[in-house]
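The block underneath contains the structure these notes are about, expressed in structure tokens.
The values are calculated or read from the model by the stated rules, or taken from the named source; none is laboratory data. What you see is a predicted model; the values in this text were computed from it and never measured. Cβ sites come from the backbone with ideal geometry, for glycine too, and all protein chains shown count toward neighbours.
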Amino acid sequence: MTDVTALIIILPLAMIACAVFVAICRDLLYAVVVLAVMSLLLAFQFYLLKAPDVAMAEAGVGAAVTTAIFIISIRATERKE
Amino acid sequence: MGVLNTISYVFIGIGLFFNLVGVIGLHRFPDMYTRLHAATKCTTFGSIFIITAVIVQSAGIWALEGAYPSQSVMCIHAVLALVALLVTNATGAHAMARAAHRSGEKPAKAVVDDLQEKEND
Amino acid sequence: MSFLITATVAYLIYLVLTIGGSAVLLWNRAELVIGAVCAVAAGALLKNRFIGKNLRMLNPARWFAFLVYLFPFFFAMAKANIDVAYRVITGRINPAIVKINPNLKNDLSLTILANSITLTPGTLSVDVDEKTNELYVHWINIDPKVLKDMPRDYHPICDSFPDWARRIAE
Amino acid sequence: MTWLPVIIVMLVCIGIAVARVFIGPGAPTRLVAFDTINTLVVTSLVILAMMFDHVIFVDVAIVYALLSFAMTLYVAKYIQGDKF
């Protein structure tokens, strides 16, 4: 199973690109969507490292709960930074 | 096993082709609705074929070697994942299209737009 | 009655999800007991949400009609996907949003029809008028013959899907 | 049966869709690209479960398919401007 080593190296590069976009984006809704993509790729990475329970918890927290809290708080405040 | 492997390879080929077409259509089409056509439909159809290939493989191992519980569980759970994917994709596409139209996104190059006329009345 | 149906459906879904937990039987005893408790709790909580006033979906003929419906649905889906793939490669599109009136009275049949339209022939259900049960459909390559008269003809969009939906759920 | 090339092609698809999330104009286009990534990732999870031959991995795919739907609905309702 050493074949998946390349995937374990490639996926963090995409995650770093997502994190940089979240840091520099001025519109907070776009930042929330890209943050959801980043947590999705993080769950995929946990999955490749053979930790399915951690991946399940990450999927639940990162995709559903974090996004819901951020969207509710954006709705209560301003959308543009 | 040879026949099952051939069937799986054919299904995987069809599925990967449709997935690639859907993702390329995301870049080729001009506005959000047509992108939704390409993305949702082609990736759903491709996912059906790829998951069917997984089901065929695990069901083949389950039938040939018998008394091998992990493969049988994998077969049934892959069917459940397929059903969940189909139901949520159709409903999510409908929700996204309605949200986009209510937020004021116009369909590009549209010939006729009945919904806009209804909202103007 | 609605409590019983909801609890039964929840228990069946639980049994399908936990199949093969034991090597001897299909399920072991602890899983069966826990599933029964959870199913009773779900039935008590959700009995007014899951099922409405009428019980017509208990008829097994409707489920059989739904299973038969899957075959023409899958063929229409394959044809539509090849068509959409052709349009992706060549880039020839001609989109429009049209209003159709499929004459359905029920919420469930309208849901089945809208999901079928979303998954098939280059069409995408955008909005629904809840008073008159009319659907607004985005169509990627419009047929000019449909544009002539105002209550649009729904046959080029979804062949006989409204008839199937009426047969299943009304 | 080898599954590794299938995973690599699926990752290429995910990369193209992530590019559309970065450059896409407006919120609805990004949402569409995100939904596409969800579908592709669920398919990849099922393939990886077959590749690693562990049954518990398929359950992650089912959970993810149901949870990402909730996220799509949240952002769609925000774009639409509803109360929730």
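General observations
- The lone criterion from (1) modelled with pLDDT under 85; (2) more than 29 Å from residue B:58 (Cβ to Cβ) left unmet by residue D:53 is number (2).
- Search result, residues across segment A:29-59 that are among the small types (Gly, Ala, Ser) and within 15 Å of residue D:72 (Cβ to Cβ): A:36, A:39, A:59
- Taking the numbered list (1) part of a helix (DSSP H, G or I); (2) more than 12 Å from the chain's Cα centre (by Cα) in turn, residue B:43 passes all entries but (2).
- Set B:47, B:58: member being within 19 Å of residue D:7 (Cβ to Cβ), facing another protein chain (nearest Cβ under 8 Å) and touching a Cys at 6+ places or on another chain (Cβ under 8 Å): B:58
- Residue pairs meeting the criteria (Cβ under 8 Å; at least 6 apart or on separate chains; first surrounded by fewer than 22 Cβ atoms within 10 Å (Cβ to Cβ), in segment C:109-124; second among the polar types (S, T, N, Q) and assigned to a helix (DSSP H, G or I)): C:115/B:91
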